Each structure stands twice: as C-alpha cells, then as structure tokens.
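Just below is one structure, and these are the notes that go with it.
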Amino acid sequence: MLVTADLHTHSAYSFDADYDPAQMLAAAAEDGLRQICITDHVDFYTPSDVHLPDFAARSARLAQLRGQFPQLTVLEGAEVSMTADPACARSAMAALDGVKLDFVIGSVHTIGAENVWADAFYASRTREAAYRLYLETILLSLDSLPQLDVLGHYDFVAHYAPYTDRAMQYDDAPDVFDAIFRWLVAHGKTMEINTSAWEADEPWGLDILRRFRELGGRFVTVGSDAHNPRALGRRFREAGALAEQAGLALAFYRGHEPQLL
Ligand SMILES: [Zn+2]
Ligand SMILES: [Zn+2]
C-alpha cells in the first residue's frame, strides 16, 4: 500500500526542531506526499519543564502557505506527552482547550522523573523490564488525554535502547499490548507506525500490528517523526507493506475524524 500521508512531523514551532513549515511542506511536496500533519510537541513534564507551541502563530503561518502547495493537504496537530501524573494531564488538557486541531498524538516520553531517551533509563534495567515498564506506562496514561486520536510510537523505548537486538515484539509484553489495544479499540482510537525507531535496522512490528487487527483495530496512521525535511516519508514503503500484511488500512485525520487513504 502506498503511504501518502506523513502524520507525525515537527516544525520550528516545536521546542526541538528548527525548520519553518515552508521547508517541511516543500520537501513533502517534492517527495510526492499528499497529506502532512505538523504535530509539534506539547509537554507538561513538571511545572517548570513545559513545551508548548504557539498554535495561533503556527496556524496563521500554515494558512499563508497552503496556497503555495495545492497538491498537499496541510493538517494541524500536536504530539502531547502523556504521563500518569494527573496534574500534568490537567495542564495539557487546559493548553489544548480551544485550540482547533485536526489530530492529536498521545506519546509517552518520560516515566516519573526518568527520560526514556536517556542512557540511565536502561542502565538499571534488563531489556524485558525496560520494555514492559514503558508499555505499562502507556496503558496507565491513556485515560489522561481525552483529546487523543492516536497512540504515538509504542516502540519509543526500543528507539533508544542500547541492546544489539532492539526490535520490539508482541512477546515482550503480550498482556500489556492486549490491554492497550483493547482500550484503543473500545475508545475508537488507533495507533501509528512510527518509522523513526527502526534507524538502520529491519522494520519490526508485524506481529504487534497483526494482534491489533485481531483485537479489532481497522486502520493505522504512519509517521516519520521528522524533525527536519530530509526525514519526511522515511521508510514509508516498508510501513505500507507492514500495514498491508497485517490487514490494516491507512488513514489521515481531519478535524479528529479518520479519513481512509
Ligand atoms: Zn515522541
Ligand atoms: Zn514526535
């Protein structure tokens, strides 16, 4: 299946990316993408560790640019960090209140005071313990973000893991995967194939996507997690093949409504 939509990208409105949306859209158009969603970070890790894009300024910028890229559907989104801390969850919800978005990704980046991307997270744990803890934190955090459309990068923990075999598998925590998938299906939400974690490795996730399908999942979104124009659409051919083999359709979101590709 051809993946024409990159639904997980970051622009200069994210604290950790430097490219104006104009550069992202130009690259997306050149790559032959048809839909792009800018999903800049919204993080409320602690009261002093907050990242919040200027949504109004971004929306105005995207409105200026749409006419220059008539071949692209340009969508407005956010990637919101989910935590099990109710105070952080309330702050994130308040920040999104009144902001008109097409699409919200809910992602886990931290567990308590620990950063999942930091070496220290893995130093004190086995692979099994690290992967299970990450997935359990997703499960505990899902209820905290009512605006969520899609669960972001279920394999973020594998992205930063130091192990030779990082590939995430359903067998890493079948009970937790099942509980996450049952929650997503029961709430009308879905998951994404995030192509960034694979880096130079073979793509993984077919067993995981197949189980999601078995438990009632019907479609997924695909995102490169690009923080620069070169990373847009990276490894989408493989992502499309995975979705197809798992029996899942592909979608993008407009106004929080999934549209099948
Ligand atoms: Zn993320
Ligand atoms: Zn991201």
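Tabulated data for the structure shown
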item	result
Which of Val108, Val185 is most accessible, then next, and so on - probe 1.4 Å	Val185, Val108
Label point distance in nm, Arg34-Ala113, each placed 7 Å from Cα along Cα→Cβ	5.0 nm
Built amide H within the under 5 Å cut-off of Gln259, gap 5+	Phe252, Tyr253, Arg254
Under 5 Å, built H, 5+ apart or other chain: amide partners of Phe15	His41
Per-residue ³J(HN,Hα) for region 49-63, Karplus 6.51 cos²θ - 1.76 cosθ + 1.60, θ = phi - 60°, Hz, x for Gly and Pro	10, 10, 10, 9, x, 7, 4, 5, 5, 5, 4, 5, 5, 5, 4
Whole-Hz ³J(HN,Hα) from phi, Karplus 6.51 cos²θ - 1.76 cosθ + 1.60, for region 149-159, glycine and proline x	9, 9, 6, x, 4, 4, 10, 3, 5, 6, 4
Accessible area, probe 1.4 Å, largest first, for residues Tyr253, Tyr13, Tyr45, Tyr160	Tyr160, Tyr13, Tyr45, Tyr253
Amide H within-cut-off set for Val220, under 5 Å, with H built and near neighbours excluded	Ala249, Leu250, Ala251
Evaluated at q = 0.12, 0.20, 0.23 Å⁻¹: base-10 log I(q)/I(0), Debye formula over Cα of region 1-69	-0.35, -0.83, -1.02
Pairwise centroid distance, computed over Cα atoms, of region 29-72 with region 73-96, Å	14 Å
Highest-fluctuation residue, Leu242, Leu65, Leu33 considered, GNM on the chain with Cα pairs under 10 Å	Leu65
Values of log10 I(q)/I(0), in the order q = 0.07, 0.10, 0.12, 0.16 Å⁻¹, for the chain under a Debye, Cα-only, solvent-free model	-0.21, -0.45, -0.66, -1.24
Carbon and sulfur %, accessible surface of region 147-261 computed with the full protein complex present, 1.4 Å	47 percent
Charge dipole (debye, nearest 20) of the chain; +1 at Cβ of Lys and Arg, -1 at Cβ of Asp and Glu	660 debye
Dipole of region 5-260 [Lys/Arg +1, Asp/Glu -1 at C-beta], most positive-end residue of Gly216, Gly152, Thr137	Gly216
Among Ala78, Ala251, Ala167, residue whose mean-square fluctuation peaks in a GNM of the chain (springs only between Cα atoms under 10 Å)	Ala167
Solvent-accessible area per residue, Å², over the chain with all protein chains present [probe radius 1.4 Å]	42 Å²
Rounded Å value of the spacing that divides the Cα centres of region 117-191 and region 211-261	17 Å
Accessible-area composition of region 1-123, carbon plus sulfur, in percent [1.4 Å probe]	52 percent
Relative contact order (percent, whole number), the chain, Cα cutoff 8 Å, 6+ residue spacing	23 percent
Space enclosed by the convex hull of the alpha-carbon atoms of region 1-153, per residue, Å³	131 Å³
Listed residue (Val176, Gly106, Val74) projecting farthest to the positive dipole end of the chain, Cβ model	Val74
Whole-percent pair-distance distribution, where bins are 10 Å wide, for the alpha carbons of region 162-258	15, 46, 34, 6, 0
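The values are calculated or read from the model by the stated rules, or taken from the named source; none is laboratory data. Worth saying up front: this structure is predicted, and the values here are computed from it rather than measured. Ideal geometry is used to build each Cβ from the backbone, glycine not excepted, and the neighbour counts take in all protein chains shown. Side chains are part of the model used for accessible areas, which takes the heavy atoms of the whole protein and leaves out ligands, DNA and RNA. Shrake-Rupley method; radii C 1.70, N 1.55, O 1.52, S 1.80 Å.
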